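Presented below is the structure to which this report refers.
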């Protein structure tokens, strides 16, 4: 008997039996064994997971230095297990603009980065280059800042999108390979990118100066 399986093209995610298999086994098992996953996520479906994300995800993070997965990472893996239908994903994204749902937005964009086609990834994520909502990001190792242990840093939605499009690894997850935008443009699969230029009058003074001493950065806008 031959067990030769046709090699799937790297961007054809339909050949993956379960999208959660895109997550390395060590991270996946750590999530599934976590108290948070067992308590809040084990029985969730694509609609009940919404409440868990809104109630429990207050920062972006992977696993801490001692290997404990963050609520963000646990919910992200669960989303990949659930594979929500396209209209549900659209519904998650339609909550744009409100602070209550910004971590849901950040997670949904990461989900699209995992399962979308290259064209979908660029066209959807690039819309969020004009989203400047603040996001709290958990550091793996606390940083010493004037004698205070800082566990979090601040980032913004547009920076998160930039990382999703350009980094190979985020929050302990290896992102699927993404062809450079330039290549997709050259072969006519994407239009030229529209840049969202921010005028000087829109730029606020840096928010970090005021709260630099705190180990828990405020992410309220």
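Odds and ends about this structure:
- Test result for residue 91, modelled with pLDDT under 95, part of a helix (DSSP H, G or I) and more than 18 Å from residue 168 (Cα to Cα): yes
- Filtered residues of the range 110-125 (kept if closer than 21 Å to residue 173 by Cβ and assigned to a helix (DSSP H, G or I)): 110, 111, 112, 113, 114, 115, 118, 120, 121, 122, 124, 125
- Filtered residue count, the range 29-66, keeping only those that are in contact (Cβ under 8 Å) with a residue 24 or more places away in the chain, over 25 Å from residue 157 (Cβ atoms), out of contact with any strand residue (DSSP E or B) (no Cβ under 7 Å at 6 or more places or on another chain) and surrounded by 12 or more Cβ atoms within 10 Å (Cβ to Cβ): 2
- Residue list for the range 138-155, filter: without any contact (Cβ under 8 Å) to a residue 24 or more places away in the chain and within 18 Å of residue 66 (Cβ to Cβ): 139, 143
- Test: residue in the range 41-48 that is touching a helix residue (DSSP H, G or I) at 6+ places or on another chain (Cβ under 8 Å), outside any helix (DSSP H, G or I) and at pLDDT 95 or above: yes
- For residue 103, the stated conditions do not hold, so it cannot be described as assigned to a helix (DSSP H, G or I), in contact with a helix residue (DSSP H, G or I) (Cβ under 6 Å, 6 or more places away or on another chain) and either closer than 29 Å to residue 177 by Cβ or at pLDDT below 95 (or both).
The values are calculated or read from the model by the stated rules, or taken from the named source; none is laboratory data. All of these numbers come straight from a predicted model, not from anything done at the bench. Cβ coordinates were reconstructed from backbone atoms using ideal geometry, including for glycine residues, and neighbour counts include every protein chain displayed.
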